[in-house]
1. Normalised radius of gyration for region 300-374, please: alpha carbon Rg relative to 2.2 N^0.38 Å, two decimal places.
2. Which order, highest average first, do 154-167, 186-199 follow once you tally other Cβ atoms within 10 Å for each residue and take the mean per peptide?
3. Take the Cα of T210, step 7 Å along the line toward its Cβ, and report every residue of region 240-257 whose backbone nitrogen sits under 18 Å from that point.
4. Quick one: Cα centre-to-centre distance for region 1-15 and region 88-135, in angstrom?
5. Sum -39500 (n - 2.57) across every DSSP H segment of at least 4 residues in the chain, then divide by the residue count to get the 222 nm mean residue ellipticity, nearest 500.
6. The chain: Rg/Rh from Cα coordinates, Kirkwood Rh?
7. Output wanted: per-residue J couplings in Hz (rounded whole) for region 192-200, from phi through Karplus 6.51 cos²θ - 1.76 cosθ + 1.60, θ = phi - 60°, x for Gly and Pro.
8. Return the subset of K251/K288; K184/K255; K108/K132 for which the Cα-Cα distance in this structure is over 24 Å, preserving the input order.
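Every read-out reported here was derived from the displayed coordinates using simple, explicitly stated rules and does not represent laboratory data. Keep in mind it's a predicted model, so treat the numbers as computed, not measured. Quick reminder, even Gly has a Cβ in these numbers, built from the backbone with ideal geometry, and neighbours come from all protein chains shown.
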Amino acid sequence: MNVPRLRFKEFSGEWKETLVLDFAPLQRGFDLPVSTIVNGKFPVVFSNGILKHHHEYKAAAPGVVTGRSGTIGNVTYVEENYWPHNTSLWVTDFKNNFPKFVYYFYIKFDLARFGTGSGVPTLNRNDVHSQKVFIPTLPEQTKIANFLTAVDEKIAQLTQKGDLLALYKKGVMQQIFSQQLRFKDDDGREFPEWEDESLGGVGAIITGKTPSTTNISLWNGDIQFVTPTDITEEKYQFKTQRTVENNASLKILPKNSIMFTCIASIGKMSLSVNPCITNQQINSLVPKSSFNNEYVYYALLSITEYIKSTQANTTLPIINKTEFSKFEIPVPSLPEQTKIANFLTAMDRKISHNQNQLNALKSYKQGLLQQMFS
C-alpha cells in the first residue's frame with residue numbers, strides 16, 4: 001500500500017499517486033544582477049537561500065525555493081513576498097496543497113540527486129516534474145507539516161541557545177585572561193598577582209612523529225595515534241582513526257596532555273583523555289605539576305588567534321617547537337588556576353549538553369522525514 005511507515009492514527013487509506021508537475025511545479029527564477037539590487041524589505045532567494053533584500057518582489061508568499069544552479073538541494077521556505085533569483089527554482093502553483101508540506105516534501109525528495117554538470121551543478125526542472133510521487137490529503141499534509149514545524153522551532157531555539165552560550169563564554173574568557181574578572185579564595189581574599197610564562201616554561205613540548213607505516217608490528221595497538229583530522233571542536237580527545245603498539249621507541253604522551261596543531265591548520269586543540277602519540281603536525285604540551293592542565297588549555301586557547309595571526313601571510317603556516325615554546329600565557333597561582341578551569345569547564349559542559357540535544361533533535365527530524373514520507 002502507498003502509505004508511510006509512520007502516520008498519525010486519525011488517518012487511513014492510501015496516498016494518491018501523481019507527478020511532481022501536478023503537485024508542486026517549479027519554474028526558473030528572475031534575473032537580478034547583484035549590482036542592480038536596491039536595498040528593501042523583500043527577500044531575494046538565491047540557490048543557497050536568502051542573501052539579499054530588494055525593494056521589489058516577483059512572487060507572493062508563501063514560497064518554496066530551491067537551487068537551480070550552483071548549490072543544488074537546499075530548500076528555503078519564505079513567509080513574505082519575495083524575489084526568486086535566476087539561480088533558483090520556485091514553486092509557482094501549490095495546486096491546493098499545504099505550502100509547508102510542499103517544503104518538507106522537497107527536503108525529503110532530495111533534489112541534489114538530479115543535479116547535472118561536472119563544473120557548476122544545475123538542476124533541470126523537467127527531470128523533477130516527471131517523477132511519480134504519493135501525496136496525502138490536505139488535512140494529513142497540514143498535520144505532518146505542523147508537527148515538523150514544531151520540531152524545527154525547537155531546533156532553532158537550541159541553535160540560538162548554543163550561539164548565545166558560545167558568545168557568553170568568549171566574553172567571559174576575554175575578561176578572565178585580561179584580568180578584568182578575578183576570582184577570590186575560599187575565604188574571600190584576593191589571589192596573588194599573575195605572571196607571564198612561556199609555554200616552554202610551563203612544561204615539556206613534544207613534537208609528534210609518525211611511526212613507520214611499513215612496519216605493521218607498530219600499528220593497531222592500545223595507544224591512540226592523533227592527527228589533526230582527529231581533533232574536532234570538542235575539548236577532549238576521546239578517539240582516533242588509528243592506534244599504535246606501546247613501543248619503547250615512541251614518546252607516549254600522558255593523559256591530559258595539550259595537543260596543538262602547528263602545521264597548515266594552525267590552532268586546533270584538544271586535551272588527551274588517554275595515553276597517545278601524535279603525528280609531526282602537532283606540538284604537545286605536558287605541563288609541570290605546578291600547573292593545572294585544564295587551565296593551561298584555556299589559557300592557550302585564549303592566545304590561539306594571536307598565534308594564528310603570526311602565520312597569516314605565509315603560504316604554508318608552520319610553527320616549529322622552538323617558536324611554539326616562546327609564546328607566553330598569563331599564569332595565576334595554582335588555586336586560582338583551578339577555580340578558573342572549573343568555571344570554564346562547567347560552562348563547556350552546558351555548551352556540550354546543548355549541542356548533544358541539538359544533534360539528537362536533528363537526527364530525530366531526519367528519522368521523521370524518512371518515515372513520514374515513505
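1. Numbers: Rg = 20.8 Å, N = 75, 2.2 N^0.38 = 11.3 Å.
Relative to the rule-of-thumb radius for its length, region 300-374 sits at 1.83.
2. Values: 154-167: 13.9, 186-199: 11.1.
Ranked by mean Cβ neighbours within 10 Å, highest first: 154-167, 186-199.
3. 240-245, 250-251
4. Each part's Cα centre sits 23 Å from the other's.
5. On the way: 9 runs with 125 residues, N = 374.
It comes out at -11000 deg cm²/dmol, rounded to the nearest 500.
6. On the way: Rg = 27.4 Å, Rh = 25.1 Å.
Taking Rh as the inverse mean 1/r over Cα pairs, Rg/Rh reads 1.09.
7. x, 5, 7, 10, 8, 9, 6, 4, x
8. Numbers: K251/K288 17 Å; K184/K255 29 Å; K108/K132 14 Å.
From K251/K288; K184/K255; K108/K132, over 24 Å: K184/K255.
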